[in-house]
Amino acid sequence: MDTKKIITAGIFTLITIGAVNAQKKPYLDKTKPTEERIDLLMKQMTLEEKVGQMNQYNGFWEVTGPAPTAGNAELKYKHLRAGLVGSMLSVRGVKEVKAVQKIAVEETRLGIPLIIGFDVIHGYKTLSPIPLAEAASWDMEAIKKSAQVAAAEASAVGINWTFGPNVDVSHDARWGRVMEGAGEDAYLGSKVAIARVTGFQGDTRADLLKVNTIAACAKHFAAYGFAEAGKEYNTVDISNSRLYNEVLPPFHAAAEAGVRTFMNSFNILNGVPATGNAFLQRDILKGKWNFDGFVVSDWASVKEMIIHGYAKDGADAAQKAITAGSDMDMESYMYVAELAKLVKEGKVKEALVDDAVRRILRVKFELGLFDDPYKYCDEKREKATIGNKANNDGVLDMAKKSIVLLKNDSNLLPLKKSGQKIALIGALANDKNSPLGSWRIASDDNTAVSVLEGMQQYKGNQLTFEKGADLTIGKTAFIEELVFNTTDKSGFEAAKKVAAAADVVVMVLGEHGFQSGEGRSRTNLDLPGVQQELLEAIYKVNPNVVLVLNNGRPLALPWAAEHIPAIVEAWHLGTQTGNAVAQVLYGDYNPSGKLPMSFPRNVGQVPIYYNNYSTGRPTNGEGNVFWSHYTDVEKTPQFPFGFGLSYTSFEYKNLKLDKSTIALGAAVNVSVDVTNTGNFDGKEVVQLYIHDVVASLARPVKELKGFELVDLKKGETKTVTLTLTDKELGFFDNNGNYLVEPGTFKIMMGGSSDKGLESSFEIK
Ligand code: BGC
């Protein structure tokens, strides 16, 4: 055959295969609308194959929770080949993803592609700051970009679904997972949720078809952030008011921004585990909010309903979970084992299974997986994308924006660039692993730029490093489990010596990256190990200390707040940590972050949050003891929500409202002039708080209802105008009805939740 003939024959064969496929698999016809394609596919599916779509398995080597038996690889492969798996998580890398996708697409009867999930929480390999830190930027554009970087890397290694964003509001710094969320406030949390969802997925549903976007997942639905006493997986017992006004809004915002999946949570709510909670999943999410994506359980949470004492066995757990609206079972084997039987016995209506499967298939179609199951499996793209310069520049930018300057007495910062002797102290300063933070499953160990490396790039000063003390004392057998809190102080003397000889001492202290995150609740919020002693010992020999904090949660550091002249909150900032910290310390970047969570004076104040309610006795007007306070410490936080300094200063003037009275349903514009009165160009987060003075249900003393990040050159003034509408002025009653009520509203505008210019208006 000549070449032409070969080509013609090839084309003919392709057309023939295509035609046979189109006949046998009409759901592969791209020209048909998605819902029709789903119908066509579901018509061909057996009950077992439908249930298979609702079954998600972890990859074969690594777990983020207790797996039933180590890996269970044999069974998983068997189920994969039988078309009994709809999704896999934590499979990563083009090679690995391709291998499992090939089984699903080429070896099963209907060839339904897998959706591949992964905890892309703050980046895939090139890591952004932990999410709590990113929230401190109050920069929604930057947060969106950071999620885009994460999506670009994840999608380049075969992943098409992230288990993020975590939109759990929490008031409890003891809970290790506050590092994963956006802090204590539902309003800020909602804005961050939207930025992250659109960053991962794109702005419209059609954007999911792009090769560099991935489906997002709002988690953990719901109220997981209110685990009692901050103890991981603990009971949640909250009021309806808290549920509707504080817990649900960021989830609703994510849903409205088009998030394609939700994950439920480990906790109970009113005695019902979230996984079996029809009120949350059916009435609210799929009912009131009209959510048409799917809900995945949390790891083994279907099965854990048995341990909660809410289901008597696996069948009962499966029945309760599907009835309540959990569409996919993550790694608890309950659906695959029980659901088909339950349907055949008439205990579960097949319509419930159909609804779940339709939702799952919908997202797969939207991602374009049926049109090209290997679209995320391009080795060339993988190579070109992972860790590339643009991604590193992106996470560096995010890292700088996430830093919060908490104290800067006598302008100790920024550091002078030459002629200085700088002592750098603290094991964390020379750590390339800890700054990567928790939830960095795909990153390679020791790949962060350390603070030492960052500072070494400024060559005008003489820099000497001494660790002073270690933070870790070894490792347990389990992969991530480092052993913390050494008592060894033998390094103190050497550290004191370099400190005494220095002009300025920079101390990097705090929590190791693995001291926060899932399963890392703490009862203390201090500096772990001997770090507090080290700090005090160094301060004694040289009080010119700049304390750089590394932490995944608010810490309580009353001694440092009183004595240490400069404090920089640097969280766990990811891959580019050292560069970001050094640029801030040397003034090449003027910090503009504001705390997304209150920092308490001591752990006994927790839960502490800015939008609390007034008690009947908030002040001590009578001068007696019978008022709402503590006898041993002030009741205010050490550093409040919304607080953060700059190397420059800002002045607020001319707070104005365009109306003093508005009708119900109307809007009011609030404006203020902000002037940069200091010596550096800088950015300020202008914040607007309201207080609904008298309402049918008591309202918080303050609620954030608007903010804007403004760039101001030295001496420049800008007028910032924010608008309050129905959306900002109402609240939910105890039945979830949204109310806007007439009456007086106080407003406050400023650079922190604890002070600002005040005014008021009426709704008539
Ligand atoms: C966590 C989830 C996570 C899942 C999969 C669970 O333990 O609670 O947030 O997405 O594991 O890794």
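The values are calculated or read from the model by the stated rules, or taken from the named source; none is laboratory data. Because the structure is predicted, anything quoted here is derived from the model rather than measured. We place every Cβ from the backbone using ideal geometry, glycine too, and count neighbours over all the protein chains shown.
Quick rundown of the values:
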| quantity | calculated |
| --- | --- |
| Test result for residue 658, in contact with a strand residue (DSSP E or B) (Cβ under 8 Å, 6 or more places away or on another chain), within 21 Å of residue 596 (Cα to Cα), loosely packed, with under 14 Cβ neighbours inside 10 Å and at pLDDT 95 or above | no |
| Single residue of 256, 304 found to be on the phi < 0 side of the Ramachandran plot, within 15 Å of the ligand (Cβ to nearest atom) and surrounded by fewer than 24 Cβ atoms within 10 Å (Cβ to Cβ) | 304 |
| Filter result (within 22 Å of residue 653 (Cα to Cα) and crowded, with 16+ Cβ neighbours inside 10 Å) within the stretch 735-756 | 745, 747, 748, 749, 750, 751, 752, 753, 754, 756 |
| Selection count where residues are in a helix (DSSP H, G or I), within 30 Å of residue 557 (Cβ to Cβ) and within 16 Å of the ligand (Cβ to nearest atom), scope the stretch 140-188 | 5 |
| Out of 106, 134, sole residue that is closer than 30 Å to residue 404 by Cα, out of contact with any strand residue (DSSP E or B) (no Cβ under 9 Å at 6 or more places or on another chain) and in a helix (DSSP H, G or I) | 134 |
| Condition check for residue 591: within 18 Å of residue 646 (Cα to Cα) and not assigned by TED's automatic domain parsing to the domain that holds residue 747 | yes |
| Subset of the stretch 224-241 [buried (at least 16 other Cβ atoms within 10 Å of the Cβ), away from the ligand (no atom under 14 Å from the Cβ) and part of a loop (DSSP other than H, G, I, E, B)] | 238 |
| Test result for residue 555, part of a loop (DSSP other than H, G, I, E, B) and of a type in the set (A, V, I, L, M, F, W, C) | yes |
| Pairs, first loosely packed, with under 13 Cβ neighbours inside 10 Å in the stretch 30-51, second in a loop (DSSP other than H, G, I, E, B), C-beta under 6 Å, six or more apart | 30/371 |
| Selected residue (criterion: surrounded by the fewest Cβ atoms within 10 Å (Cβ to Cβ)) from residues of the stretch 557-569 that are out of contact with any Ser or Thr (no Cβ under 7 Å at 6 or more places or on another chain) and in contact (Cβ under 8 Å) with a residue 40 or more places away in the chain | 558 |
| Residue identified as among the small types (Gly, Ala, Ser) and either surrounded by 15 or more Cβ atoms within 10 Å (Cβ to Cβ) or in contact with a strand residue (DSSP E or B) (Cβ under 7 Å, 6 or more places away or on another chain) (or both) among 616, 644 | 644 |
| Matching residues, the stretch 491-510, being in a loop (DSSP other than H, G, I, E, B) and closer than 12 Å to residue 567 by Cα | none |
| Selection count where residues are buried (at least 24 other Cβ atoms within 10 Å of the Cβ) and more than 14 Å from the ligand (Cβ to nearest atom), scope the stretch 260-272 | 1 |
